[in-house]
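Following: one structure in structure tokens, then a few remarks.
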Amino acid sequence: MRSARPRRHGTPTRRSRTIAALACVGLLLAACGGGDDTSADPASETDDSDAAEESDASDEVAAPELTTEEITLTWWTWGPDNEASVALFEEAYPNITVEIVNAGQGTEQYERIRTALTAGSGAPDIAHFATANLAEFVLRDALVDLTEFGLDAVEGDYAPGAWGALTFEDGLYGLPWDTGPLAFLYREDIFEEYGLEVPETWDDFAEAARDLNAQNPDIFLAQFPGVIAEMWLALNWQLGNNSFSVEGDTVGFNLTNDVAQDLVDFWEPLLEEGVLATDPAFTTEWFSSLASGRYAAWIAPSWGPGLLQGAAEDSAGLWRAAPLPQWEAGANASAYWGGSTISVLQQSEHPAEAAELVRFLLNEEESARNYNFLFPTLTSILEDPEWRDQPYEFYGGQAVNQIFAEMELGVDNSWQWSPIQGFVDVTLNTELAQGADQADLMGALERAQNQIVQHAEDQGFTVE
Amino acid sequence: MTSTVDTGVPPTAAAEAPPPPRRRWRLHSQRTAPFLFIAPFMVAYLLFFFAPLVYALNISLYRQRLIGGDTFVGLENYARVFRDATFYTGLARITVYGLLYLAVMLVIALTAALLLDSGTVRFKRFFRLSMFLPYAVPSAVAALMWGYIYSRNFGPIADVARLAGFDAPNLLSSRAMIPSLVNIGVWTWVGYNMIIFYTALQAVPHEVNEAADVDGATRLQIAWHIKLPLIRPAIILSVFFSIIGALQLFNEPQVLSAIAPQVIDPAYTPNLYAYSLAFVNQDFPYSAAVSFVLGAAAFISSYVFMAVTQKRNQ
């Protein structure tokens, strides 16, 4: 594999070295047939880049020329704690200044980007997107295809699921920043008190839900995850059921197909029996329910443990993490709730430098380690014992990251989001909240499907 | 008159010329002064009221699509509003809300104002202030607070019900939602309206009351036959504002939708509908059309109300 090293020309600079390193990873991948163990090893990556520097000139790698002029790049993001990584970038590229702008959280920032697109100017060089909302901006031709700058070469550095939703018809429109693989958080004390076993399968989960509620009607094993649109979609995702398909202007919505029917058949009886809570999420009441033991468990994404730790201090030390319940015993399938990316905008006057900034922020381990609150996507961090084995007091000293890192590997990467995801989420939330209340999920899904198809047609899509 | 110069407006040529055509200076400024005084308001009015209105009116004549861009469609969006069952449902809902709110609010506010005015109330100032206080609470905060009070698991009402051995009532169910919203509205506005009525009552001449007293009218009779008819204009004003307020109901359902999404859908009230059309559906033209129709509905219902009350006045 070492023989497959790329060679470059020109004077060795830090920049060309890193680009060579990128290409290395790409070639290694090709040579290894996609095995992520070799490419994921940060040590081998560094070795290769050093070696590449010493090797002879070749035209295999087209290193884009970055400007030496004084320029400023603007980054719109609502995420905290990005200064440290930007400082590292500015140190590596003294002629480039990066300006971080908080243009509002999610929808608010998207609205500003839409305005800038209509106006033809005013967009930042790079911007933060929730992965689920990326498709709309790809469709609007707002984003730069990063394969132009060879960034597809770093695919092997990331967890496969994290990469999936960033590619559209061979184009790559962002690098993974964080993800939200699902696992299972539960109260060990309650499980012990009522003699419950940690559910390995969804059937175990249903049994535990009935058992607990029969013993104590005031408490529930968990909230019905389907009251949150993203969770209902994640349950489809875990089953490999793509709820959306997008091909150019043609979109498909599979909210009521056979797999969805299977899900309905599983959850509806639990709702009819009233053994799961159907309260909406993220309300004061919901947090109180988690803190007070009214819920004994939470089917939570990787950003859940941190959130819970802050919101349910009274129950510190009583929580534990376990893998997400499976449909088949022994499987390891999960899905995401959440996840974000950074993309380069077409309006940028310095796309090559902006692409390098994105790469630096998300592919250099040194900067990727700075995002303390985000679940890492680089396999080198996911596999790093220092991160993985870190004990958490709130979880009785358990190394919670291990569980979520394992689930991360079980996320199928063929999932696609729709270009009208904002509308889809709100519609699903509204209808599923009603459906859960009346224990009629298929009715709710049909209403949602109809409204969504109608909206897609109104927006000019061909719906298949 | 020298204030024209003090406002920072560049001095006119006439003002600069030193020899004293004083009369001309005055004439000139008499003509321009009003405009200069109006200018700050007019600029703000045109910029922040009129311009957005024109902008929205223009948008409402287009269709914007993700695929295919913008096309001019004339009044099609307005035709769509009149066919839109979702819009009518919301309109019907706020009509019920408005009627219920008006009835409850008027009874409580008038009773309180009459009691205050009758002089039978002790701690008058405290009473007046404590009734007025909720008006100072921002409506979003009020809705959050009431959301907690209504909560079925951790709220105080649920606690009391449980202590008494009942099931906690579901005050956020689809049937209870409108009364629950009315309650928040009444709580917020009753003190404000009470002050309006009380102030009007203060203006009723003492002689009238005394004459009625001498004629042997009871206090209740005085209140009903003398005082209420005399403060009729104040009541009309308060109803007028309430109609407009009810039609624009937004904050309370918006906040409560987080804890009762199964009841409050994104089109629960017309205003909420216009909001979600713009920011969820990305359908700004239709949202603008809905807003204009809603504005027209508010205008017409206030106009009809005024016409009816004026007629009865004559």
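Worth pointing out:
- Here, chain A is characterised by an Rg to Rh ratio of 0.99, where Rg is the alpha-carbon radius of gyration and Rh the Kirkwood radius.
- Estimated 222 nm signal from helices in chain A, with DSSP H stretches of n ≥ 4 weighted -39500 (n - 2.57), rounded to 500: -13000 deg cm²/dmol
- Choice from B:Val137, B:Val81, B:Val96 with maximal GNM fluctuation in chain B (Cα, 10 Å cutoff): B:Val137
- Between B:Ala136 and B:Leu47, the simple label model (points 7 Å from Cα in the Cβ direction) yields a spacing of 3.2 nm.
- Here the contact order of the stretch B:80-313, divided by its residue count and restricted to Cα pairs under 8 Å and six or more residues apart, works out to 27 percent.
- Formal net charge of residues neighbouring A:Pro325 (Cβ-Cβ distance under 9 Å; K, R +1; D, E -1): -3
- Neighbourhood net charge (10 Å Cβ-Cβ; Lys/Arg +1, Asp/Glu -1) for A:Arg187: -3
- Normalised contact order of chain A, rounded percent, pairs of Cα under 8 Å and 6 or more residues apart: 24 percent
- This model, with +1 at the C-beta of Lys and Arg and -1 at the C-beta of Asp and Glu, gives the stretch A:369-432 a dipole about its Cα centre of some 140 debye.
- Degrees, to the nearest 10: A:83-92 long Cα axis against longest axis of chain A: 20 degrees
- Net charge, B:Leu272 excluded, C-beta distance under 15 Å - Lys, Arg +1, Asp, Glu -1: -3
- Chain B: DSSP helices with Cα axial extent of at least 15 Å and average Kyte-Doolittle hydropathy no lower than -1.0: B:22-45, B:85-118, B:139-150, B:177-202, B:232-247, B:284-313
- Averaging the Cα positions of each part gives two centres, and for the stretch B:226-259 and the stretch B:55-126 these lie 10 Å apart.
- The stretch A:66-223, relative contact order in percent, only Cα pairs under 8 angstrom and at least six apart counted: 15 percent
- Each Lys and Arg contributes +1 and each Asp and Glu -1, all at the Cβ; summed about the Cα centre of the protein assembly as shown, the dipole is approximately 6840 debye.
- Look at the dipole of the protein assembly as shown built from charges on Cβ: of A:Leu221, A:Leu172, B:Ala136, the Cα furthest out on the positive end belongs to B:Ala136.
- Degrees separating the helix A:202-215 axis from the principal Cα axis of chain A, which is the longest one: 40 degrees
- Top of B:Leu102, B:Leu181, B:Leu228 by mean-square fluctuation, Gaussian network on chain B, Cα under 10 Å: B:Leu228
- Whole-percent pair-distance distribution, where bins are 5 Å wide, for the alpha carbons of the stretch A:340-464: 2, 8, 12, 11, 11, 13, 13, 14, 10, 5, 1
- Seen against the Cα atoms of chain A and their longest principal axis, helix A:14-32 is set at about 60 degrees.
- Most mobile listed residue (B:Ala51, B:Ala260, B:Ala298) in chain B, GNM with C-alpha springs under 10 Å: B:Ala51
Where a number appears in this text, it was derived from the coordinates with a stated rule and is not lab data. Computed from a predicted structure; not experimentally measured. Please note: Cβ atoms are built from the backbone with ideal geometry, for glycine as well, and neighbour counts cover all protein chains shown.
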